[in-house]
Each structure stands twice: as structure tokens, then as C-alpha cells.
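Reviewing the structure listed below.
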Amino acid sequence: MSTDALAIINTRRSTRKFTTDPVVDADIRDLLEAAMNAPSAVNEQAWQFVVLSGKALEDYLKINSNTPKGALVAILVCQDLAAEKAKGYSVQDCAAATQNILLAAHAKGLGAVWTTVFPVNVDAVRRLLGVPDTVVPFSCVPLGRPAGPAARTGSRFDESKVHRQAWGGR
Ligand SMILES: Cc1cc2nc3c(=O)[nH]c(=O)nc-3n(C[C@H](O)[C@H](O)[C@H](O)COP(=O)(O)O)c2cc1C
């Protein structure tokens, strides 16, 4: 892995304040491509994505009060249960896809934050967006140009959380 990629991974931080600059469709496409290049169980790619803006995003923000306001666009990542080949694994596929969106956004100079949908807001989001029962809304990633620098950028590496050969091995 290039040092550039490591720098992107290690300096990514949540963005919760955005400028009013638009995020262009080409950027959204790049983020969706990054999401769909995530690893998935038996390569099942059991995900679907809903791009939210305008009224749909406004309505979504009413459901999860913990979602930062001010982003002009967001990507909702959904588990596609009908596409699962390994039962129960799409939750992990979607976590990997969500992380790829965050990293790709950071690489492009965009800010983003993973916000909770699964498990607490699944039904409300299904109702709001007409998502079928075979699809589980998993996470929502608001995106935009960051309005200011990230709050914390120090490394979180912690040797005490690393075990070698067996639990407690140093
Ligand atoms: C599963 C999950 C759910 C999260 N839900 C929210 C959320 O609803 N609202 C929010 O502002 N941040 C949410 N976050 C972002 C975390 O608060 C954030 O990643 C954490 O504080 C570490 O900060 P960092 O992203 O800047 O490294 C969530 C992150 C994860 C992984």
C-alpha cells in the first residue's frame, strides 16, 4: 500500500460541518464505485445505495437527530438480504462499503461521517424511502466540503490492544 493510502486511512476523521459547495455527481459516482469495490462475503456484494438530497435528505434528518445538519447530499448504504449468499453476512459487507465511502471521500478532499441507521432507525427509514422488506437500511453518510479542519488528527495506535500469539501475549 502506498504511503498516500496509509495517510488517507490514518488521517480520516468525521466531518460534521459542511460548506454550501455542491458535491458534483462525478464525485458521488467515485464514492459509489469505492463502496462497491469493498470486500464482501463470498463476493456477494449484498448492498444497495440510495443517494439523498433536497427534501428526501431533509426528511431523513428528522429521523436521526444525531445526524449532522448542513450536508447537501448523503449516501444511504443498505443491506440487500435477497442478494446474500452467506446468510447474515451483508451487515459486514455494508460496514466495509461504508468505510470505503469515508476513505474515498477523504481522499477527494470531501468530509463525511458514518451515521447510524441500523439497528435503531431501520423501520422509519424503510417507511420514508419506500425501501422493501428484503432491504435493510444500514448506514447513512452525509457528505460535503468540510467547513474547517478536522478536530482530531493524532494517531490512535495503542500497543496495549495488540496481543501476540495468544491473548495477553506481548
Ligand atoms: C456504527 C457507527 C455509527 C455512528 N453513528 C453516528 C451518528 O449517528 N452520528 C454521528 O454524528 N456520528 C456517528 N458515528 C461516527 C462516530 O461518532 C465517529 O466515527 C467516532 O466518534 C470516531 O471519530 P472519527 O470518525 O472522527 O475518527 C458513527 C460511527 C459508527 C462506526
Practice item. Output the pairs from Lys55/Lys108; Lys69/Lys108; Lys85/Lys108 with a Cα-Cα distance over 30 Å in this structure; if there are none, say none. Key: Lys85/Lys108
Review point. Using helices alone, what [θ] at 222 nm do you get for the chain, with -39,500 (n - 2.57) per DSSP H run of 4 or more residues, divided over all residues and rounded to the nearest 500?
Key: -10500 deg cm²/dmol
Revision key, fill the gap. Regression test value, accessible area per residue of the stretch 30-170, probe 1.4 Å, units Å², expected 53 Å²
Review point. Nearest 20 debye, what's the magnitude of the dipole of the stretch 1-70 about its Cα centre given +1 on Lys and Arg Cβ and -1 on Asp and Glu Cβ?
Key: 440 debye
Check your understanding: Considering only Gly154, Ser90, Val113, whose Cα is most displaced toward the positive end of the charge dipole of the stretch 85-170, charges sitting on Cβ of Lys, Arg (+1) and Asp, Glu (-1)?
Key -> Gly154
Review point. Roughly how big is the chain's charge dipole about its Cα centre, with Cβ charges of +1 (Lys, Arg) and -1 (Asp, Glu), in debye to the nearest 20?
Key: 660 debye
Check your understanding: Just the Cα atoms of the stretch 64-170: what Rg and Dmax do they give in Å?
Key -> 17.1, 51
**Study point:** Partners for Lys62 among lysines (Cα-Cα distance below 16 Å; same-chain residues under 8 apart left out)
**Key:** none
Practice item. Enumerate the aspartates and glutamates that Lys17 could reach by cross-link, defined here as Cα to Cα under 20 Å, with residues fewer than 8 away along the same chain left out. Key: Asp27, Glu58, Asp59
Review point. Where in the chain are the helices, taken as whole DSSP H runs, whose Cα atoms extend 18 angstrom or more along the long axis and whose Kyte-Doolittle mean reaches at least 0.5?
Key: 90-107
**Study point:** Dipole in debye (nearest 20) - the stretch 18-106, about Cα centre, beta carbon charges: Lys, Arg +1; Asp, Glu -1
**Key:** 260 debye
Review point. So how much accessible area does Leu52 have, in Å² to the nearest 10, using a 1.4 Å probe?
Key: 0 Å²
Check your understanding: Roughly to the nearest percent, how much of the accessible area of the chain is carbon and sulfur, given a 1.4 Å probe?
Key -> 54 percent
Review point. Check Gly144: other-chain or 5+ apart residues with amide H under 5 Å from its amide H, H built from backbone geometry?
Key: Gly111
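The values are calculated or read from the model by the stated rules, or taken from the named source; none is laboratory data. What you see is a predicted model; the values in this text were computed from it and never measured. All Cβ positions, even for glycine, are placed from backbone atoms using ideal geometry, and neighbour counts span all protein chains on display. These area figures cover heavy atoms from the full protein model, side chains too; ligands, DNA and RNA do not enter into them. Shrake-Rupley method; radii C 1.70, N 1.55, O 1.52, S 1.80 Å.
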